[in-house]
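This report refers to the structure that appears directly beneath it.
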Amino acid sequence: MIKTTFFILKKLLFILSYVVILLYTFIFPTPVSWVVFYFFTLLFIFLWVTTLITWKDVQFEFSADKKHLSTGFLKLKTRFYFPIWVSNLDITIGNDKQSFSTRIPSLFKYRLVVPFEQLSFKRGKYDTLLLRTYGKDYLGVFTHRSKQRIPVDLTIYPKPLPFDTLYPLLQQLNTRLDLTLLSGHQSAQFRQLREHQAKDSLKDIDWKASFKKQSLMVKEYDKESDTAVTIVFLGYQTEHFEELLRLAYNLYLEISHFQAVKLRLIGNFEDVIAVKETKDSFLTIQPAFDSTEMDSIFENEVVLPAKTILISPKNHTSLVKENPSIAFYSITEDTLNDFQIGGV
C-alpha cells in the first residue's frame, strides 16, 4: 500500500513538473525553455516506449522430483530482438487458482531464462498457463504490464508417498488378500531377458547376465492373471478426498510392480458421476456431492472381483457378508490415522 501510494505521488510529481515546464515555455518562450521542454518531452516518450515489451517464442520447461516439486524454466524472447530498457521484471506464471512469481534483472537483454524453483502445481492436466510480466521504466513513471496464455503439457498426478509409510499397509494387504507383494517373483513366470530401462527397479537387474553382456540386463516376468487385484476408489465429498486419492494412486503404483492391477475410480468427471478405469483418471477425478447417485453406481455398475481393495471414506464391511467369496480389504479415513498417512 505504501509503495503504491509513493508510486502514484511520484507519477503525479513528474506530470506536474512537465505541466509547469510546458506553461513556462509558452509564457516565456526562450531558446533555453524550448530546449528544456523538448528534452523532457523526448524523455517521457522514451520512457513510455521502453515499457512496450512484447514477447515471442515463449517456452516453458519443467521437471519434477520425488517430492512432487517441479523446477521450471521459462524462456522469453522480445519481438524483433529489441533490448529491454526496464531494469527488473516481475514474472508470474500459473492459472486462475494458483500462481508463482519471481523477479529478475532484465536491463539491456532481449532474451530471458527465468528459473522457478519448487513449483507445486495442484493435481490435474494443464494445456495452457497464464504468463504475466510487470515492470517499471528506469525513473518509475510508466509501467509495463502484459498477459498471455502459453501452451504447455503438464500432467500432475497425486503426490508420491514414501515407501516406509506404505510398507505397514502393504504388509497387511499382502496377508489379507494373499498377494505377491514384498515377495519378489516367486509366483511369476519368467518371460525374457531384456535391456534395462529408466522405469525398471534395481532389484530386477540380472547382474550375472549384465556382466556377460557388458550392459545392464533385466529379468522380465509375466503377471499371473489369477493374482490380479482391483482397486476401487469411491470419491465421496470429504475433507480427506485428496489424501485418500493419493493413497489409492500410490497403492496402484506399488502393487503394479508385482502383479496386475485393475482400477475402478468412481467420482465426478466433468460434472458427471462416472466410473473410469485408466491411470489418467487420477488427473481429472473430483469429489462427488451426490452420495445417493454414487451409491447407486457402485452397487449397480461395479462388479467386485476376487481380490478387492476398496478405498472410501465410508465403511462398506457389509459387502463382505454379501460376497463371502471376495478377498476384501477396506481403507477408510481411519486408515490414514492408523498408518499415519497424511498431508496432501
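The values are calculated or read from the model by the stated rules, or taken from the named source; none is laboratory data. Note that the structure is predicted; figures quoted are calculated from it, not measured. Cβ placement follows ideal geometry from the backbone for every residue including glycine, while neighbour counts extend to all protein chains displayed. Side chains are part of the model used for accessible areas, which takes the heavy atoms of the whole protein and leaves out ligands, DNA and RNA. Shrake-Rupley method; radii C 1.70, N 1.55, O 1.52, S 1.80 Å.
Each residue, D178 and Q98, gets one label point 7 Å from its Cα in the Cβ direction; the gap between the two is 4.3 nm.
Of all DSSP beta bridges located in the chain, what percent are antiparallel, nearest 5?
Working: 52 of 68 bridges.
Beta bridges within the chain, antiparallel portion: roughly 75 percent.
Here each label is just a point 7 Å from Cα along the line to Cβ, and for S33 and R111 those points are 5.1 nm apart. Measuring between their Cα centroids, region 270-285 and region 19-49 lie 65 Å from each other.
For Y236, the accessible area of its heavy atoms, probed at 1.4 Å with every protein chain present, is near 10 square angstrom. Calculated translational diffusion coefficient of the chain (25 °C, 0.890 mPa s; Stokes-Einstein with Kirkwood radius over alpha-carbon pairs) equals 97 µm²/s.
Just add up the charged neighbours of E301: K/R +1, D/E -1, any other residue whose Cβ is under 13 Å from the Cβ of E301.
After counting each charged neighbour, the total is -2.
Amide H contacts of H144 (H built 1.01 Å from N, in plane; Pro and chain starts excluded): G135, K136, D137 sit under 5 Å, all sequence-distant by 5 or more or on other chains.
Report, in debye and to the nearest 20, how large the dipole of the chain comes out about its Cα centre when Lys and Arg carry +1 and Asp and Glu carry -1 on their Cβ.
Numbers: 40 positive and 36 negative charges, 420 e Å.
Approximately 2020 debye in magnitude.
Axis angle, to the nearest 10 degrees, between helix 163-176 and the longest C-alpha principal axis of the chain: 30 degrees. Between 0 and 90 degrees, the angle of helix 291-301 with respect to the longest Cα principal axis of the chain falls at about 50 degrees. Placing pseudo-labels 7 Å out from each Cα toward the beta carbon at D206 and F6 gives an inter-label distance of 7.0 nm.
Over region 1-87, what is the mean sequence separation of C-alpha contacts under 8 Å (at least six apart), divided by residue count, expressed as relative contact order in percent? If you can, show how the numbers build up before the last one.
Values: 54 pairs, mean separation 17.5, N = 87.
Rounded, it is 20 percent for region 1-87.
Ranked by the mean number of other Cβ atoms within 10 Å of their residues, highest first, the peptides 121-128, 8-15 come out as 121-128, 8-15. Extension gain, L13-Q148: 0.36 nm per intervening residue step, less the Cα-Cα distance, totals 45.4 nm. Rounded to the nearest 10 square angstrom, D280 shows an accessible area of 90 square angstrom against a 1.4 Å probe. In this structure, the pairs whose alpha-carbon distance is over 28 Å, taken from K97/K159; K276/K307; K11/K56; K213/K279; K279/K307, are K11/K56; K213/K279.
Can you tell me the length gained on complete extension of the stretch V20 to Q237, counting 0.36 nm per residue apart and subtracting the Cα distance?
Result: 71.7 nm gained on full extension.
Quick one: angle between helix 31-50 and the longest Cα principal axis of the chain, in degrees between 0 and 90, rounded to 10, please. Roughly 10 degrees between the two axes.
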